[in-house]
Every structure is written in C-alpha cells, then in structure tokens.
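K.L.:
My structure is below; once you've seen it, I'll send some questions.
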Amino acid sequence: MNTDVLIVGAGPTGLALAVDLARRGVDALVAERSDALFPGSRGKGIQPRTREVLDDLGVADAIRAAGGPYPVGMMWRDGQRQGEHRMFDATPPSEAAPYTDPLMVPQWRTQEILFARLTELGGTVAFGRELVSLGQDADGVTAAFASGEPVRARYAVAADGGRSAVRRALGIGMTGESVDPFPTLVADVRVSGIDRENWHFFQSADEGGAPLLALCPLADTKDFQLVARFPQDTDVDLSPDAIRKLVGERTHLAPDAVTEVRWASDFRPRAALADRFREGRVFLAGDAAHVHSPAGGQGLNTSIQDAYNLGWKLGAVLREGAPESLLDTYEEERLPNAADMLGLSTKVHRGEVRRGAATQQLDLGHRGRTLTEETRTGLPGDALHAGDRAPDGRRGGVRLFDAFRGPHWTLLAVGTDEDLDLPELPGVRTVRIPPYEAYGRGVFLIRPDGYVGWAGDSADGLERYAAGVGLCVSAS
C-alpha cells in the first residue's frame, strides 16, 4: 500500500495531524496497534491555544458541546468539607484572545470528535496494525506490521506515545527526569453519594496533609476521574475490587459507592524530551517526542500543536511545491517550545507555578526562527512581532479568526492606505482592516497555523519571503 504520510498512532496527536492533512488533500494513513480508540480520560484539559487550533480544524462546536468548565476544588477531611480550593487563576477573555479558560473534555471524547472529523473528510484509521519494523531511503519510508500488508509512504510520523516503537526503531534517545517517585493511579469510575459540582480532594487526617485521593467529575459524562498516589515502589492494583477498597479507605464513601470502573491505569510522573524530533523522513510528535507530568495540563495540548505545526508544512511540501527544507523548521520550532512546556509542567507539579496565564499557551511563538521575518524597527518588546500568535478581533466587519480559518495563508493589511499595493499570492486570502491596537499598523502574512510569519510597514520584501516558503507570486 502506498500513501503520502504514514501516521503511527491514533491518539489526539495522530488524529489531529490526519485531520489537518486530509483538509489539505494529502493522502495519509493512520495505523493504530489497538483495535479501537483509547478508552480513558487521561488528558482531560483543552488549553485556550488548543481551543483555537481545534476551531481551525473544524471541531470547535463539537468540543464545546462535549466539554465544560473546570469545577472548583473542594477539600475534605474526615468526611467533612474543609473549604474550596481554586485550581486556576482566572484570566478574563479579550477581543484578541477569546478563549482564556481551559475546557474539560476527557481524552476519549476528544479522540472521538477528531476521528469523526477525519471520517467526514474522507480519512481513515487502520486499527489492529502493530508496527514491527520501519526503514527509509532517499525516496520514502517502508513500514511492516504484525498483520496486514506493508505500507510505503513519502514521510512517516511517530505519534505512538511515550513508549514509541518508532522512536526506538530510529534509535532516538530521550532525556528526562522523574518528577515524582510515587506511583499514581488514574481511573474513570462511576460513583454514587457525592455531588458533581466540585472537584473533590480527600486529605489525610494530619493537619495540612496532602490529598490522598481526588475525584473529578468529567464534563458531559456520568464519570469521575479518580487519581490517587501510592508509596514509592508500590505495585498498584488496577482491579475494580482494589479501586473500590481504595475509595473506602481514603474517603468517607463506602466501597460499593463505586458502581463501575470503566478504565484504569497507573504511571510514574516524569518529564522527558526526545534528543531530536526528526530522522530523515520520519518525524516525532506528541508523547513520542515529549512526556509531561499531567499536573500542568500541557501534554495533550503541546502534542496537538506539534501536529498543527507539522501538518501545514507537510501539506506545503507535498501539495504546494514548497521546498523540502521547510520541514527542517518543525524541529527548530517545536523542540524548544516542548522543552519550555515540560519545564512548566514540572513546576506546576511541584507547586512552584500556579495554573493560569502561564499554562494557556497563548504566549508561545517563534520569534527569531527561520520562518520568521520582522522588517519593522524600533518596536517595543510587548508589541506584536513576526513569530507571535496572530490575535483575534473584529474590525471593518471582519472577524480575524474567521478569515484565518482554513488551510490557507492570510495577507492582512492593518490601518494601511487603500492604495497600498499588495502582491497577489495564489491560495492566500487578502484582508484589509482599519487600525487595530492588537496589531498596530502594517502588513502581516499570517501562517496557516495562526502565527505571524512576516511583518512590515509596507509590502516591500514580502514577495521574496513568500517565494521562500513556496508561495509563488502571480502578479503585483
């Protein structure tokens, strides 16, 4: 079987990438070793920047309908409520940043939504396909599976998780540390006798003791996500009976209050980063490239943004005639961002940083990178620069996120003279709006992933930049 891109793994990363490629007309196959999508809640937080990404991928309404706000924490000790605990520092939305609160959506539901979108676009997932070998040459990649025919692809992407078979096959190392030596149980359970208005934390009997167990109501479901830590070197029992016993021992609830255990797993929180994100025609994305503590709510979000960064670049090379060197910028941009998010996740886990503006991922960008060209001078540091996320807003009857939505680039003229000449770039949407303080004045070329690629006071030099990223100029 031949395809343009082989994606190994049908988690949020692989599905988001497949959706992005499908809408670009790129033939991609997602190969998943399991017989079905992942069934657990695990990564349940959708950060504001990821909400913007999912909006662009066409699933904003479905994600919003499936999710809800994070509930306020409630501390318990000896069966008594001890008071509320705010999990996040609230940030008010603005015209430039319409999403500022994380949305709670269990991972299994996010995957269902992305899978439905992929199917709508004509994409496919091959379940029950366990990778056993991967080889590459100058023209492509050949993958063999435990069952089914081999796959030949021009490029391959490892989206197969923290124990990535692809990463191991490539011999790419991973550098990291143990964030917490204590084993952690996470499970999706049905529980009676407790309200769904709060995220419940059950503390030890000792004054100020750390929570022994937490129950978080998962939005738009009947489930709670249960999280519990254990002493170092504990062999965690994942059986339903053991989980019921645990609830009985660590909360005021009876064991039989747990009416159903729908999924359970255990892990040791750690932070690790792959030594590189590319080996020839194979790319690492998601947990295959970086493994986070879940405390910061950054893992799934960083992973989806890996896919969003890589998707448009693969599409440009495979369908739009962009130079193959464009793919070199994937690692250049994503590896340092992933490293920053790993550090943030670890600090949140250790209580050194509060969840809030720092965890929204709205401030991530690519200033000073290869694909970034800022031609204006004398800008203050807090002004919008090339490499920054392009803000939303509504001016002159145009909502910017509506204009940006889709697989195209956008040429945006803000507060410029109507007679200012702008080049005609095939496949690029041109938008003119009145002055807008989030941008200042000038000309901005917005990348397909919503970042400012090029910025100037006029269009001088824009055509050269556009040609370098594969946007051929048709006229001036």
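The values are calculated or read from the model by the stated rules, or taken from the named source; none is laboratory data. None of these values were measured; they are calculated from a predicted model. So basically every Cβ, Gly included, is an ideal-geometry build from the backbone, and we count neighbours across all protein chains shown. Just the protein is used for accessible areas: all its heavy atoms, side chains included, with ligands, DNA and RNA removed. Shrake-Rupley method; radii C 1.70, N 1.55, O 1.52, S 1.80 Å.
K.L.:
Among (1) in contact (Cβ under 8 Å) with a residue 24 or more places away in the chain; (2) under 31 Å from the mean Cα position of the chain (by Cα), there is one condition Thr259 misses while meeting the rest; what is its number?
P.N.:
(2)
K.L.:
Any idea how many residues of segment 158-208 are under 23 Å from Arg229 (Cβ atoms), polar (S, T, N, Q) and either free of Cβ contacts under 8 Å to residues at least 24 places away in the same chain or open to solvent by less than 50 Å² (accessible area, probe 1.4 Å) (or both)?
P.N.:
4
K.L.:
Name the single residue that is surrounded by the fewest Cβ atoms within 10 Å (Cβ to Cβ) among those in segment 219-272 being touching a Gly at 6+ places or on another chain (Cβ under 6 Å) and assigned to a helix (DSSP H, G or I).
P.N.:
Pro255
K.L.:
Another question, if that's okay. Can you tell me which residue in segment 346-362 is farthest from Ala390 (Cα to Cα), limited to those that are modelled with pLDDT under 80 and under 14 Å from the mean Cα position of the chain (by Cα)?
P.N.:
Residue satisfying both the conditions and the ranking: Thr359.
K.L.:
Of these, Asp382, Asp457, Asp402, which one is touching a strand residue (DSSP E or B) at 6+ places or on another chain (Cβ under 6 Å) and acidic (Asp, Glu)?
P.N.:
The conditions single out Asp457.
K.L.:
In segment 103-160, what count of residues is obtained for those that are among the basic types (Lys, Arg) and touching a helix residue (DSSP H, G or I) at 6+ places or on another chain (Cβ under 8 Å)?
P.N.:
The qualifying residues number 3.
K.L.:
Same structure again: Any residue that is part of a loop (DSSP other than H, G, I, E, B), open to solvent by 20 Å² or more (accessible area, probe 1.4 Å) and modelled with pLDDT of 95 or more - is there at least one of those in segment 287-299?
P.N.:
No; the residues of segment 287-299 include none that is part of a loop (DSSP other than H, G, I, E, B), open to solvent by 20 Å² or more (accessible area, probe 1.4 Å) and modelled with pLDDT of 95 or more.
K.L.:
Same structure again: If you take just the strands (runs of 3 or more DSSP E) that sit entirely in segment 363-476, which of them hold at least 1 residues that are surrounded by 14 or more Cβ atoms within 10 Å (Cβ to Cβ) and within 25 Å of the chain's Cα centre (by Cα)?
P.N.:
Strands (runs of 3 or more DSSP E) meeting the threshold: 409-414, 442-446, 452-456.
K.L.:
May I ask you to list the residues in segment 312-323 that are closer than 18 Å to Ala28 by Cα and in contact with a helix residue (DSSP H, G or I) (Cβ under 8 Å, 6 or more places away or on another chain)?
P.N.:
Passing the criteria: Trp312, Lys313, Leu314, Gly315, Ala316, Val317.
K.L.:
Pull up segment 421-476, narrow it to residues that are of a type in the set (Asp, Glu) and touching a residue at least 12 places away in the same chain (Cβ under 8 Å), then point me to the one that is farthest from Leu379 (Cα to Cα).
P.N.:
The extreme case among them is Glu424.
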